[in-house]
Protein chains: 2
Amino acid sequence: MKNFFKVKTLKEVMALVGSFKPVLQETVPIDEAFFRVLGEEIAADQDLPGFKRSTMDGYAVKADSTFGASESSPAWLTLTQAIPMGKVPEFTLAPGEAARISTGGMLPSGADSVVMIEHTDAVDETAIEVYKSVAPMTNVIDRNEDFKKNETILGVGTRVRPQEAGLAAALGLDRLKVFKRPIVGIISTGDEVVPVTQTPALGEIRDINTYTLAGLVREAGAVPVCYGIVKDNEEALFSVCRQAVDHCDMVLISGGSSVGVRDFTVEILSKLAQTRLLIHGISISPGKPTILARSGIKPVWGLPGHVVSAMVVFRVVVLPFLNRLQGLSSPPGSAITLPARLSRNIASAQGRSDFVRVCLKTDGQGLVAEPVLGKSGLIRTMVLADGLLEIGENVEGVERDTMVQIMPLSNYF
Amino acid sequence: MKNFFKVKTLKEVMALVGSFKPVLQETVPIDEAFFRVLGEEIAADQDLPGFKRSTMDGYAVKADSTFGASESSPAWLTLTQAIPMGKVPEFTLAPGEAARISTGGMLPSGADSVVMIEHTDAVDETAIEVYKSVAPMTNVIDRNEDFKKNETILGVGTRVRPQEAGLAAALGLDRLKVFKRPIVGIISTGDEVVPVTQTPALGEIRDINTYTLAGLVREAGAVPVCYGIVKDNEEALFSVCRQAVDHCDMVLISGGSSVGVRDFTVEILSKLAQTRLLIHGISISPGKPTILARSGIKPVWGLPGHVVSAMVVFRVVVLPFLNRLQGLSSPPGSAITLPARLSRNIASAQGRSDFVRVCLKTDGQGLVAEPVLGKSGLIRTMVLADGLLEIGENVEGVERDTMVQIMPLSNYF
């Protein structure tokens, strides 16, 4: 079956993202919505802040009472009652009057601006001198300056960062409709793989991928469910795969995806109900032997067994699909990249996209990307790396000191 | 009391970070250690991978059996037994022999390299032709190439990203000693502030800061504990502050830190046991009226009431202290900034550091930083912003098209 498949380019793979659908939505309290993706449009149900609000400590005035005021010729204003915080001032300010106001206080009718306390001197308890004139609306937020009633503020597919949560709070939304966190099943395969708690015999290796992939899935905002290690046994792998596909929104199988003797993954995927192979091989390095199948509505991935290749494929290929599943509206590949200066020449093979691990340093002129040397089987290279440099299919290499764009490997540097 | 305090520069404030100590440590399973900070040094207790490991599907050979091989003059090798995954090959490879091996398999003694399957042709079941010569160690990871026994791999103060978790797994560490997550108490103050679920009367505003700060605290890797809204009442605020200082590792009080009529914060802090005011005013904008006290070993902050100012102060000033508390080893301000081209001229006052909100876009040449206009009382400006541009104390402004360094506001763009 696999022979019918042509290796796909990264661009062809990214074109498949849109063929999957986001998971269902749920309504949760704001403090469970952090960093999740909004499932509803949010519009202002009122003007915000809803009243003329002072942005400074000072005096509410009518601006034209201060016109012409200066250090040498201050304006003399009569002090009227102070404005209590959180209350509607129950008086109208007359021309020539000033009312003490704090940051966040509501301007009385008649007032249109605030003189900062630093630009005044108290004459006595009934009057102040103002040393600087203000224009109307100086140091004031207008009643609908933050948001206008019925204005759409946040769209479906927006990530709820702290400020979006604050905005929801400002509008009185203590619960938000968000996409569920996608559940991602993780299966490690390989006769050579043993659990972390076991001492590997010669020829064996501990199960690194389960932990690395679980961390990546969490960082992406999804929930990892680990199915442990399945030995290279077709029946066992089929049974665990079926279980994972039933329970999860996406499945990651690592190991067993290269064209080797023990590659059951494709055979097993083809036996799952309603499952169709979409990709068998991507023209990227590392990560060429990646497999993607669609089982019903769910993406099922066969990732390379080398942890470094698996991480690169996750970051470059799987993450855009996972972002799609969790409802993020930004198109694949729209994430921000970091411009950096390359510290040395890099050669690259044509006909595939190379993803070179780099560590990022800062010098006087900005970021420097230093390629991390070492084979893709070495986890050391990922611990040293902060990002990936893509060298396109038709590029032979990149010269030292070229400005390049780095894809961050993690949100944490 | 406040009059004795001189406004401090940001540099003077950052110099105080080191005077606080990290919180205590605890040992947790790997999957609870993600994104936390390592409290122990990690060294390899064995060579990794511990054996000569193939990085390709192909044939284990003795390199000199392939010397001189080419398309026109292939080397003829005798096939010996295939190498099972996860097992020690129980034979010695002789010159002129080849043994089928999969990615991750262990090389038999006698073999020193792997020929990729693509560079061979099977002659029959007993022999292959090799079309390309290999040097010793080609397509092989040496027994200690990833890590050498007793080599220190990760230091105290390292953030546990997915790859560090994977590395720990490789070394058989299913539990890691990490710093506890600092507990950060959040108190909102102000007579004008009402709970999210309440409809504000004119002059009132909903409690935005609690949610925004809680999100920022979480994103930093700490645990927010919200104490709700305390009205401008000295006794009530004192009681809640004392409770928060007792229970938390750091306390954030927002509102009430400007030089206004209702500024109890300083008075209240001075009444707490073993509490000393360290900062009353920082020469930054927004955020000048920021307060920092040390209560025993704990930092207690008075943040501006405006949500935007509070967010900026959190990102620029509080976060380095919180990183110190959670044990991160990188010095304050060492986080990566994003180089971007400024889209328009910005003026700035001298004698203070201005933090201008910017949104980041990408054009053909890289990142563009577009200043977000609007007063610092407008939450809209933070929802539109992705980062902050610092304009130094002695700089009057920055011209359009200048390359600037942007401090990201959040891990998520």
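Of everything listed in (1) in contact (Cβ under 8 Å) with a residue 60 or more places away in the chain; (2) not assigned by TED's automatic domain parsing to the domain that holds A:Leu171, the single unmet condition for A:Arg36 is (2). The set of residues in the stretch A:124-134 that are surrounded by fewer than 21 Cβ atoms within 10 Å (Cβ to Cβ) and in contact (Cβ under 8 Å) with a residue 24 or more places away in the chain comprises A:Glu125, A:Thr126, A:Ala127, A:Glu129, A:Tyr131, A:Lys132, A:Ser133. Candidates are the residues of the stretch B:388-413 that are touching a Lys or Arg at 6+ places or on another chain (Cβ under 8 Å) and within 11 Å of chain A (Cβ to nearest Cβ); the one that is modelled with the lowest pLDDT is B:Tyr412. Among the residues of the stretch B:313-328, none qualifies, meaning not one is assigned by TED's automatic domain parsing to the domain that holds B:Thr189, touching a helix residue (DSSP H, G or I) at 6+ places or on another chain (Cβ under 9 Å) and farther than 30 Å from B:Gly155 by Cα. Just to be sure before I move on: is A:Val316 part of a helix (DSSP H, G or I) and among the aliphatic types (A, V, I, L, M) in the structure I sent? Against the criterion (part of a helix (DSSP H, G or I) and among the aliphatic types (A, V, I, L, M)), A:Val316 qualifies. On inspection, A:Gly351 passes the criterion of being away from chain B (no Cβ under 11 Å) and surrounded by fewer than 17 Cβ atoms within 10 Å (Cβ to Cβ). Among the residues of the stretch B:188-204, those that are crowded, with 24+ Cβ neighbours inside 10 Å and within 7 Å of chain A (Cβ to nearest Cβ) comprise B:Gly190, B:Glu192. Reported count of residues in the stretch A:100-128, each being of a type outside the set (S, T, N, Q), more than 41 Å from the chain's Cα centre (by Cα) and within 12 Å of chain B (Cβ to nearest Cβ), is 4. Across the stretch B:1-29, what is the number of residues that are in a loop (DSSP other than H, G, I, E, B) and within 24 Å of the chain's Cα centre (by Cα)? Counting residues in the stretch B:1-29 that are in a loop (DSSP other than H, G, I, E, B) and within 24 Å of the chain's Cα centre (by Cα) gives 7. For the stretch B:340-358, which positions are under 19 Å from B:Ser309 (Cα atoms) and outside any loop (DSSP other than H, G, I, E, B)? Hits for the stretch B:340-358 are B:Ile346, B:Ala347, B:Ser353, B:Asp354, B:Phe355, B:Val356, B:Arg357, B:Val358.
If you go through the stretch B:135-148 one residue at a time, do you hit one that is exposed (fewer than 14 other Cβ atoms within 10 Å of the Cβ), hydrophobic (A, V, I, L, M, F, W, C), within 14 Å of chain A (Cβ to nearest Cβ) and out of contact with any helix residue (DSSP H, G or I) (no Cβ under 8 Å at 6 or more places or on another chain)? No, the stretch B:135-148 has no match at all. When B:Gly155, B:Gly166, B:Gly105, B:Gly185 are screened for being assigned by TED's automatic domain parsing to the domain that holds B:Ala82 and either buried (at least 20 other Cβ atoms within 10 Å of the Cβ) or touching an Asp or Glu at 6+ places or on another chain (Cβ under 9 Å) (or both), only B:Gly105 passes. Evaluated against (1) more than 10 Å from chain B (Cβ to nearest Cβ); (2) under 24 Å from A:Gly172 (Cβ atoms); (3) touching a strand residue (DSSP E or B) at 6+ places or on another chain (Cβ under 6 Å), A:Leu48 falls short on exactly one condition, (1).
Here's the yes/no breakdown for (1) surrounded by 19 or more Cβ atoms within 10 Å (Cβ to Cβ); (2) not hydroxyl-bearing (Ser, Thr, Tyr):
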position: B:Leu77; (1), (2): yes, yes
position: B:Lys87; (1), (2): no, yes
position: B:Glu90; (1), (2): no, yes
position: B:Ala94; (1), (2): no, yes
position: B:Ala99; (1), (2): yes, yes
position: B:Ile117; (1), (2): yes, yes
position: B:Thr120; (1), (2): yes, no
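Per-residue answers, yes or no, for (1) modelled with pLDDT of 95 or more; (2) within 12 Å of chain B (Cβ to nearest Cβ):
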{"site": "A:Arg242", "(1), (2)": "yes, no"}
{"site": "A:Val245", "(1), (2)": "yes, no"}
{"site": "A:Ser254", "(1), (2)": "no, yes"}
{"site": "A:Ser258", "(1), (2)": "no, yes"}
{"site": "A:Ile268", "(1), (2)": "no, no"}
{"site": "A:His280", "(1), (2)": "no, no"}
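Check B:Lys361 against each of (1) facing another protein chain (nearest Cβ under 9 Å); (2) free of Cβ contacts under 8 Å to residues at least 24 places away in the same chain; (3) in a strand (DSSP E or B) and name the one condition it does not meet. So the condition that B:Lys361 fails would be (1). Restricting A:Glu40, A:Glu32, A:Glu90 to those that are assigned to a loop (DSSP other than H, G, I, E, B) and closer than 30 Å to A:Arg181 by Cβ reduces the list to A:Glu40. The single condition among (1) in contact with a Ser or Thr (Cβ under 9 Å, 6 or more places away or on another chain); (2) of a type in the set (D, E, K, R); (3) surrounded by 17 or more Cβ atoms within 10 Å (Cβ to Cβ) that B:Glu41 does not meet is (3). Sort through B:Gly221, B:Gly190 and tell me the only one that's small (Gly, Ala, Ser) and either under 30 Å from B:Val37 (Cα atoms) or not assigned by TED's automatic domain parsing to the domain that holds B:Leu319 (or both). From the options B:Gly221, B:Gly190, the qualifying one is B:Gly221.
Scanning for something among the aliphatic types (A, V, I, L, M), buried (at least 18 other Cβ atoms within 10 Å of the Cβ) and assigned by TED's automatic domain parsing to the domain that holds A:Ile208, does the stretch A:295-305 turn up at least one residue? Looking through the stretch A:295-305, at least one residue is among the aliphatic types (A, V, I, L, M), buried (at least 18 other Cβ atoms within 10 Å of the Cβ) and assigned by TED's automatic domain parsing to the domain that holds A:Ile208. Considering only residues in the stretch A:1-26 that are touching a strand residue (DSSP E or B) at 6+ places or on another chain (Cβ under 8 Å) and exposed (fewer than 12 other Cβ atoms within 10 Å of the Cβ), the one that is modelled with the highest pLDDT turns out to be A:Leu24. Checking every residue in the stretch B:171-182 against the condition of being surrounded by fewer than 24 Cβ atoms within 10 Å (Cβ to Cβ) and within 7 Å of another protein chain (Cβ to nearest Cβ) gives at least one match. Look at the stretch A:155-184: where a residue is in contact (Cβ under 8 Å) with a residue 24 or more places away in the chain and a partner is among the basic types (Lys, Arg) and part of a loop (DSSP other than H, G, I, E, B), sitting 6+ places away or on another chain with Cβ atoms under 9 Å, you get A:Arg159/A:Arg36; A:Val160/A:Arg36; A:Leu176/A:Arg36; A:Val178/A:Arg36; A:Phe179/A:Arg36; A:Lys180/A:Arg36; A:Arg181/A:Arg36. For A:Ser65, the test of being of a type in the set (Gly, Ala, Ser), within 22 Å of B:Lys288 (Cβ to Cβ) and either in contact with a Gly (Cβ under 6 Å, 6 or more places away or on another chain) or assigned by TED's automatic domain parsing to the domain that holds A:Ile153 (or both) is failed. Apart from one condition, B:Leu384 fits all of (1) under 16 Å from B:Val313 (Cβ atoms); (2) within 12 Å of another protein chain (Cβ to nearest Cβ); the exception is (1).
Across the stretch A:270-286, a minimum of one residue is classified as outside any strand (DSSP E or B) and under 29 Å from B:Asn411 (Cβ atoms). Selection of the stretch A:62-87 for residues being of a type outside the set (Ser, Thr, Tyr) and assigned to a strand (DSSP E or B) yields A:Ala75, A:Trp76, A:Leu77, A:Leu79.
The values are calculated or read from the model by the stated rules, or taken from the named source; none is laboratory data. The structure displayed is predicted, hence computed values, not measured ones. Cβ atoms come from the backbone with ideal geometry, glycine included; neighbour counts cover every protein chain shown.
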